[in-house]
Amino acid sequence: MNFNTKGTGVALVTPFDKRGNVDFSALGRLIDHCINGGIDYLVCLGTTSEYPTLTEKETFAVRDYIVEYVDKRVPIVLGVGGNNTKELVTRINHTDLSGFAAILSVSPYYNKPSQKGLYTHYNYIAAASPLPVIIYNVPGRTGVNISAETTLKLAEDFKNIIGIKEASGNMLQCMEILRCKPDRFSLISGEDALTYPLIACGANGVISVTANAYPNMVSTMVNQALKGSNKKALVLHNTLLPFTNAIFEEGNPSGVKAALESMGICDNIVRLPLSNVSRALYNRLQSYVKEHK
């Protein structure tokens, strides 16, 4: 039941080929790129993976391929989220979780539940999951924020809810969670640009989009910050910041896929309703990649 959330997790993109199919060769290159770059764990089928656009068959194939290809080199966290609590519990109960260390469950989207509804939703997930659970708060995608009060109540009430990926961008909310949380509960940055300041406040790492492209820089920055080597961490934070801001300008994972194409890792292809980044942004990302080989 133990999973150490400390360090750098990567929210893996799903590469597609020029015919629009899942590109498993490119996915293998990406996994090797991340592991060789020193990351601590991978997140499979999180929101960055474009999983809402994958068929059920593709979802199973991607999930199984990642487990087989990683071959226990690093832990894998499985994204398991949805806005139908009953269906989500059924999915957890019928999924082979033997290759995974934890699940990451994004808060219900579109429904806009109350804080009571959010608490009860995660109650059911915690009861169903044989693995540790990481809450994912990303109100920019879901339309609802999990308050600090609700997060702390979940942390106190459910031993297998071990942390939260916090992507609200609200530093005051994050600091309140860090101030009051149990020692066993982790706050993980879900905003790449805020990783360094959040670690300074007590966060223990990041689940990163940027690290798809720059696993070594992100993981080194995180490790230096966790060790208290703030000067070294700040240099890397400032080096990465223009790239991190740029990849989110026109949607995720459109930006990071454009960068990954410049690196020769995967094609710059996303599925509708996402679209490719503009030529101007592509050129900026290409210039950054050339400067930071």
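The values are calculated or read from the model by the stated rules, or taken from the named source; none is laboratory data. Fair warning: this is a prediction, and the values are worked out from it, not measured in the lab. All Cβ positions, even for glycine, are placed from backbone atoms using ideal geometry, and neighbour counts span all protein chains on display. Surface areas here come from the heavy atoms of the whole protein model, side chains and all, with no ligands, DNA or RNA. Shrake-Rupley method; radii C 1.70, N 1.55, O 1.52, S 1.80 Å.
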> Which members of segment 179-203 meet the condition of being open to solvent by less than 10 Å² (accessible area, probe 1.4 Å), in contact (Cβ under 8 Å) with a residue 40 or more places away in the chain and within 14 Å of Asn137 (Cβ to Cβ)?
Replying inline: Ile188
> How many residues does segment 179-199 hold that are more than 13 Å from the chain's Cα centre (by Cα) and charged (D, E, K, R)?
Replying inline: 4
> Which members of segment 127-170 meet the condition of being among the aliphatic types (A, V, I, L, M) and within 17 Å of Pro182 (Cβ to Cβ)?
Replying inline: Val133, Ile134, Ile135, Ile146, Ala148, Leu152, Leu154, Ala155, Ile161, Ile162, Ile164
> Quick one: which helices (runs of 4 or more DSSP H) sit completely within segment 84-184 and have at least 2 residues that are over 20 Å from Ser208 (Cα atoms)?
Replying inline: 85-93, 115-128, 148-157, 171-180
>> Checking the condition over 16 Å from Ala11 (Cα atoms), open to solvent by 20 Å² or more (accessible area, probe 1.4 Å) and not in a helix (DSSP H, G or I), which residue from Gly264, Gly251 passes?
In response: Gly264
> So is Glu176 open to solvent by 30 Å² or more (accessible area, probe 1.4 Å), farther than 18 Å from Val80 by Cα, under 14 Å from the mean Cα position of the chain (by Cα) and at pLDDT 95 or above or not?
Replying inline: no
> How many residues does segment 104-142 contain that are open to solvent by 30 Å² or more (accessible area, probe 1.4 Å), within 21 Å of Val10 (Cβ to Cβ) and modelled with pLDDT of 95 or more?
Replying inline: 0
> (1) touching a strand residue (DSSP E or B) at 6+ places or on another chain (Cβ under 7 Å); (2) farther than 23 Å from Lys257 by Cβ; (3) open to solvent by 40 Å² or more (accessible area, probe 1.4 Å); (4) not charged (D, E, K, R): which one isn't true of Ala101, the others all being true?
Replying inline: (3)
> How many residues are open to solvent by 10 Å² or more (accessible area, probe 1.4 Å), over 26 Å from Arg179 (Cβ atoms) and part of a helix (DSSP H, G or I) if we restrict to segment 204-230?
Replying inline: 3
> What are the residues in segment 267-293 that are surrounded by 13 or more Cβ atoms within 10 Å (Cβ to Cβ) and hydrophobic (A, V, I, L, M, F, W, C), if any?
Replying inline: Ile269, Val270, Leu274, Val277, Leu281, Leu285, Val289
> Got a sec? Which of Pro242, Pro273 is in a loop (DSSP other than H, G, I, E, B) and over 22 Å from Ser25 (Cβ atoms)?
Replying inline: Pro273
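May I ask you to say which residue of Leu152, Leu172, Leu118 is touching a Ser or Thr at 6+ places or on another chain (Cβ under 6 Å) and over 22 Å from Gly7 (Cβ atoms)?
Values: Leu152 fails: touching a Ser or Thr at 6+ places or on another chain (Cβ under 6 Å); Leu172 fails: touching a Ser or Thr at 6+ places or on another chain (Cβ under 6 Å).
After applying the criteria, what remains is Leu118.
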